[in-house]
C-alpha cells in the first residue's frame with residue numbers, strides 16, 4: 001500500500017540516519033543493493049546520469065516557461081533521489097537561494113525503504129552544503145515523500161477521495177524498465193483495474209507511469225520522462241498510443257538510439273517531454289545517432305528538427321521522412337494479399353531436420369522446408385531444411401516416424417492440443433505453401449524478400465505472402481521500401497549500424513502500394529522486366545538503380 005510520510009516520520013528518519021556518505025557513494029550503494037536484491041530486473045532500477053538529469057530539468061523549465069522555484073515538481077520513482085537532488089542543485093546555484101521558503105516545492109515517491117532514505121540523505125546533504133536545513137524545508141511543506149507504489153497515487157478510481165491526492169506542474173523522472181513478462185499476474189490485474197485505458201497484458205510497466213502522470217498534472221502541466229523507445233512502434237502499445245493521443249501531447253522528443261546511457265542496462269531510450277495542451281502543430285525532434293550527437297544533448301547544443309504532429313498516431317510515431325504520397329496509395333493488405341507466418345512445431349527438434357536426414361521415410365510424411373537463414377534475396381530455388389509432416393490426414397503412415405519422436409513423446413503428449421500425439425498442429429494454409437510465393441525472414445539486416453520456387457514449407461522465423469507477383473517483389477526489395485521500413489519498423493539495434501529490422505506482419509500489411517498497382521500496365525511491365533533480369537542474372541548496381549527509379553516512378 002502506498003502512503004504519505006508525515007513530517008514527523010520524515011524528520012525521524014533523517015535523525016536516525018548517521019550516513020555521512022557523499023552523493024556518489026549514496027547512489028552507488030543504492031544501485032549495488034538493488035542489483036543484489038534483483039530490483040534492477042523486477043523493479044526496473046537504473047541510475048540516470050547526472051548530465052541527462054540536468055538536461056531534462058532544463059527542458060522541462062523551457063517547456064513550462066516558469067522559474068525553477070515556481071514549479072511544483074514530482075518524481076514518481078526517486079530511487080536514490082537523483083532528480084530531486086538535481087532540481088535543488090540547479091535552483092540553489094542559479095537563483096542563489098538562501099532561504100528554505102524559496103526552494104522549489106518537490107514531491108517524490110519511492111517503492112523501497114532504502115531508496116526513500118537515500119533520497120532524503122541526498123537532499124539533506126545538498127541543503128547542508130548550502131547552509132540550508134532539510135527539517136525547515138519539510139516543515140514548510142515544500143518537501144513531501146511517499147513510500148510505496150507510485151501507481152496508487154491519483155489513480156482514476158481514487159484520486160478525488162484519497163488523502164494522497166497530489167497535483168504537480170512537472171512530473172519528471174525515469175520510470176522503471178520492467179518488461180511485461182516480468183510483471184506477475186496479480187500485479188497485472190491491479191494495473192488493469194487502475195489503468196484500463198492503457199492496459200495490455202504485453203505492455204511494459206513504464207507505460208502506466210505516463211497514465212499516472214496525466215492524473216497528477218495540473219491543467220497546464222508537463223511530463224518529462226526518459227523511457228524505452230519501443231512504445232512508439234510496437235503493436236502491443238496501440239492502446240497506450242491511443243491514450244497519449246487524447247491526453248498527453250509531445251512537445252520535445254530526443255531519440256537517444258542505442259547509445260550507452262545506463263551502466264547496468266542496454267536499451268534504445270528516448271527523452272520525451274509532453275504537455276496536457278497542444279502548443280502548436282510541430283514537435284521538436286532530435287536523433288542522437290552516436291556519441292557526438294549524445295554530447296550535443298548533454299551540452300544542450302543540438303538543433304531540433306520540426307516534425308508535424310500528423311507523424312504520430314495510434315498506428316505509430318514516425319519521425320523519419322519517407323518520400324511517398326500516401327494519398328495515392330492503399331495498404332498492401334487491401335489488395336487482398338495475405339501475410340502468413342511460418343510453421344512453428346511445438347518441439348522444433350522433433351519435426352525439423354537437415355536435408356537428407358529423412359531420406360528413408362515415405363514422401364507422404366516429409367516436406368521440403370525453408371527457414372529464415374535459407375532464404376536468398378530475390379529468388380530461393382531450393383529448400384534448406386526438411387519437415388516431418390505428420391498430420392491427421394496421413395496418420396496411417398505415422399508409425400514409420402515413431403522412432404524419431406519417441407524421445408519427445410512425453411512432451412508431445414503433454415501438449416494436449418492434438419488427437420494424435422505425433423501430429424503437427426492443424427493449419428488452414430498448408431496448401432498455400434506448395435505454391436510459388438514471396439518469402440522473407442522476420443528479422444534481417446537488409447530486405448530479403450524472395451520468390452520461393454522450391455515450393456517449400458515456410459518455418460518459424462519467416463513469413464510468406466500468398467503471391468508470386470514480381471512487381472510486389474521488386475517494390476519490397478527497393479530502396480523506397482527500405483527507407484519506409486527503417487522509418488516504421490521496430491528494430492534490434494541501430495539499423496544504420498549493424499542493427500536488424502523486425503519485419504512483423506503488421507508492418508508488411510500496412511505497407512503502402514500505389515493505387516494503380518494493378519492498372520498501370522506500362523509501369524508494371526518495366527518493373528517485371530528488371531526483376532526477371534535480377535532473379536536470372538543476379539543483382540548489380542546498375543540493375544538495382546534502374547529498379548529503384550522505376551519504383552519511384554510508380555509512386556508519382
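Values for this structure:
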{"read-out": "Members of region 336-368 that are in a strand (DSSP E or B) and touching a helix residue (DSSP H, G or I) at 6+ places or on another chain (Cβ under 9 Å)", "value": "339, 340, 341, 343, 353, 366, 367"}
{"read-out": "Of all residues making up region 236-276, the number that are touching a residue at least 12 places away in the same chain (Cβ under 8 Å), in a loop (DSSP other than H, G, I, E, B) and farther than 17 Å from residue 214 by Cα", "value": "9"}
{"read-out": "Condition check for residue 189: touching a residue at least 24 places away in the same chain (Cβ under 8 Å) and either over 21 Å from residue 267 (Cβ atoms) or in the same structural domain as residue 154 (by TED's automatic domain parsing) (or both)", "value": "no"}
{"read-out": "Given (1) within 25 Å of the chain's Cα centre (by Cα); (2) modelled with pLDDT under 75; (3) surrounded by fewer than 18 Cβ atoms within 10 Å (Cβ to Cβ), number of the condition residue 9 does not satisfy", "value": "(1)"}
{"read-out": "Listing of helices (runs of 4 or more DSSP H) fully contained in region 34-142 that carry 1 or more residues being in the same structural domain as residue 188 (by TED's automatic domain parsing) and closer than 20 Å to residue 274 by Cα", "value": "50-64, 82-95"}
{"read-out": "Scope region 277-294; condition part of a loop (DSSP other than H, G, I, E, B) and either under 17 Å from residue 244 (Cβ atoms) or in contact with a strand residue (DSSP E or B) (Cβ under 7 Å, 6 or more places away or on another chain) (or both); matching residues", "value": "277, 278, 279, 281, 288"}
{"read-out": "Residue match in region 438-460 (condition: modelled with pLDDT of 85 or more, more than 17 Å from residue 381 (Cα to Cα) and part of a helix (DSSP H, G or I))", "value": "no"}
{"read-out": "Count of residues meeting criterion [within 28 Å of residue 339 (Cα to Cα) and either in contact with a helix residue (DSSP H, G or I) (Cβ under 6 Å, 6 or more places away or on another chain) or in the same structural domain as residue 348 (by TED's automatic domain parsing) (or both)] in region 395-428", "value": "2"}
{"read-out": "Single condition residue 312 does not satisfy, out of (1) farther than 30 Å from residue 34 by Cβ; (2) surrounded by 14 or more Cβ atoms within 10 Å (Cβ to Cβ); (3) touching a residue at least 60 places away in the same chain (Cβ under 8 Å); (4) more than 16 Å from the chain's Cα centre (by Cα)", "value": "(4)"}
{"read-out": "Residue 278 vs. criteria at pLDDT 95 or above, in contact with a helix residue (DSSP H, G or I) (Cβ under 8 Å, 6 or more places away or on another chain), within 16 Å of residue 224 (Cα to Cα) and not assigned by TED's automatic domain parsing to the domain that holds residue 505", "value": "no"}
{"read-out": "Residue 333 assigned to a helix (DSSP H, G or I), touching a residue at least 24 places away in the same chain (Cβ under 8 Å) and either surrounded by 16 or more Cβ atoms within 10 Å (Cβ to Cβ) or not assigned by TED's automatic domain parsing to the domain that holds residue 212 (or both)", "value": "yes"}
{"read-out": "Residue that is farthest from residue 317 (Cα to Cα), among those in region 212-235 that are out of contact with any helix residue (DSSP H, G or I) (no Cβ under 6 Å at 6 or more places or on another chain) and part of a helix (DSSP H, G or I)", "value": "216"}
{"read-out": "Evaluation of residue 265 against (1) assigned by TED's automatic domain parsing to the domain that holds residue 165; (2) over 12 Å from the mean Cα position of the chain (by Cα); (3) over 24 Å from residue 304 (Cα atoms); (4) modelled with pLDDT under 95 (one fails), failing number", "value": "(1)"}
{"read-out": "Selection status of residue 167, crowded, with 17+ Cβ neighbours inside 10 Å, modelled with pLDDT under 95 and either touching a helix residue (DSSP H, G or I) at 6+ places or on another chain (Cβ under 7 Å) or under 21 Å from residue 26 (Cβ atoms) (or both)", "value": "no"}
{"read-out": "Top-ranked residue of region 101-125 - restricted to ones that are modelled with pLDDT of 95 or more and surrounded by fewer than 20 Cβ atoms within 10 Å (Cβ to Cβ), ranked as nearest to the chain's Cα centre (by Cα)", "value": "105"}
{"read-out": "For residue 425: the one exception among (1) crowded, with 21+ Cβ neighbours inside 10 Å; (2) under 32 Å from the mean Cα position of the chain (by Cα)", "value": "(1)"}
{"read-out": "Any hit, region 366-389, residues being in the same structural domain as residue 466 (by TED's automatic domain parsing) and on the phi > 0 side of the Ramachandran plot", "value": "yes"}
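The values are calculated or read from the model by the stated rules, or taken from the named source; none is laboratory data. In this text the structure is predicted, and so the values were computed from the model without any measurement. Reconstructed Cβ throughout: ideal geometry from the backbone, glycine too, with neighbour counts over all protein chains shown.
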